[in-house]
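Shown next, in structure tokens, is the structure this report addresses.
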Amino acid sequence: MSRIFITGSADGLGRMAGELLIRQGHNVVLHARNGQRAGETQRLVPKAEAIVIGDLASIAQTRKVAEQVNALGPFDAVIHNAAVGYKEPQRVTTEDGLPHVFAVNTLAPYILTALINKPKRLIYLSSGLHQNGDTSLKDLCWETRRWHGTQAYSDTKFHDVLLAFAVAKHWPDVFSNALEPGWVPTKMGGPNAPDDLEAGSVTQAWLAVSDGKTALVTGEYFYHQKLRQPHPATRDAGRQGKLLEACRKFSSIDLPAA
């Protein structure tokens, strides 16, 4: 039996992964953006161990999410599932002055990785769209570029793979991997998404708890429990370091040493 925390798990793939892990007999802590969604999630997933609350668009609230998780004790795995999609028609600015999609999809997983007591496994959800991400890492906050929602989303999914691989090097005692769940018919993916919804939550749950040889790796990228080649630039140590440094500056939070 393992203990797993899943961000963005009030609905969609996050909740599905949580429900799957609970059915397998594991202890699962879920996460919701606010109290109302937490109440709804508690009714829908009554066997969840706990539900932590906080809006990951806010640095202050993301810190509080980490505090709530640490107060619950150690975890075997953290699944960084939370994300906002590619349909924002304009640059939505958070209370910290950052683009909403960057704050939730890139900076929040960095902050939670840095502040939550180190688990044995870290899983970061990316997307096939990471292949279209801007590999230069310039203008992360879209201050000079003309806003493009799909590009902004693709950029953050590229960042998530970079982050997973950077952490794999920074913490060699942790299994840190990324995956793409496919284009599935969730609220984000839309009703016409062609991939299998049920299969979309399996790989992250498998990486969180499996003792199989294929799952006990680090610095890899998966699709439906099989290795897949990510964008070659995600393997670049210079880009990994550049993203970590940018996130450190945005958040004023250091990633702890190994």
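The values are calculated or read from the model by the stated rules, or taken from the named source; none is laboratory data. Please read all numbers here as calculations on a predicted model, not as lab measurements. Counting neighbours? That spans all protein chains shown, and the Cβs are built from the backbone with ideal geometry, glycine included. Side chains included, ligands, DNA and RNA excluded: accessible areas come from the protein's heavy atoms. Shrake-Rupley method; radii C 1.70, N 1.55, O 1.52, S 1.80 Å.
Scan region 238-254 for residues that are buried (at least 19 other Cβ atoms within 10 Å of the Cβ) and either part of a loop (DSSP other than H, G, I, E, B) or touching a Cys at 6+ places or on another chain (Cβ under 7 Å) (or both) and jot them down.
Within region 238-254, I253 is the sole residue that qualifies.
Kindly provide the set of residues from region 3-30 that are part of a loop (DSSP other than H, G, I, E, B), open to solvent by 20 Å² or more (accessible area, probe 1.4 Å) and either under 11 Å from A205 (Cα atoms) or aliphatic (A, V, I, L, M) (or both), ordered by number.
Across region 3-30, the qualifying residues are Q24, H26.
Across region 84-113, what is the number of residues that are under 23 Å from S176 (Cβ atoms) and surrounded by fewer than 19 Cβ atoms within 10 Å (Cβ to Cβ)?
0
Given the conditions (1) under 26 Å from A258 (Cβ atoms); (2) of a type in the set (D, E, K, R); (3) open to solvent by less than 30 Å² (accessible area, probe 1.4 Å), report the number of the one that D155 does not fulfil.
Here D155 clears every test but (1).
Mind telling me which of the residues T186, T218 ends up being open to solvent by less than 70 Å² (accessible area, probe 1.4 Å), modelled with pLDDT under 95, farther than 18 Å from H130 by Cα and assigned to a loop (DSSP other than H, G, I, E, B)?
T186
Quick one: in region 43-65, which of the residues that are in a helix (DSSP H, G or I) and not basic (K, R) is most open to solvent (accessible area, probe 1.4 Å)?
Among them, the one singled out is L44.
Please determine whether any residue of region 225-237 is of a type in the set (D, E, K, R) and part of a strand (DSSP E or B).
Yes: region 225-237 contains one or more residues that are of a type in the set (D, E, K, R) and part of a strand (DSSP E or B).
Read through the list (1) under 27 Å from G39 (Cβ atoms); (2) under 15 Å from the mean Cα position of the chain (by Cα); (3) modelled with pLDDT of 95 or more, then give the number of the only condition that Y124 fails.
(1)
Would you mind finding the one in L207, L227 that is under 17 Å from the mean Cα position of the chain (by Cα), modelled with pLDDT of 95 or more and surrounded by 12 or more Cβ atoms within 10 Å (Cβ to Cβ)?
Just one listed residue meets the conditions, L207.
Each row is one residue, and each column tells you yes or no for (1) modelled with pLDDT of 95 or more; (2) within 18 Å of the chain's Cα centre (by Cα).
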| residue | (1), (2) |
| --- | --- |
| M1 | no, no |
| R23 | yes, no |
| H26 | yes, no |
| E40 | yes, no |
| K47 | yes, no |
| A50 | yes, no |
| D55 | yes, yes |
| A71 | yes, no |
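Filter region 66-83 down to residues that are over 12 Å from I6 (Cβ atoms) and hydrophobic (A, V, I, L, M, F, W, C) and give me whichever is most open to solvent (accessible area, probe 1.4 Å).
A71
Scan region 102-122 and report the pairs whose first residue is farther than 15 Å from A82 by Cβ and whose second residue is open to solvent by 10 Å² or more (accessible area, probe 1.4 Å) and assigned to a helix (DSSP H, G or I), with Cβ atoms within less than 6 Å and a gap of 6+ or a chain change.
Note: pairs meeting the criteria are N117/N70.
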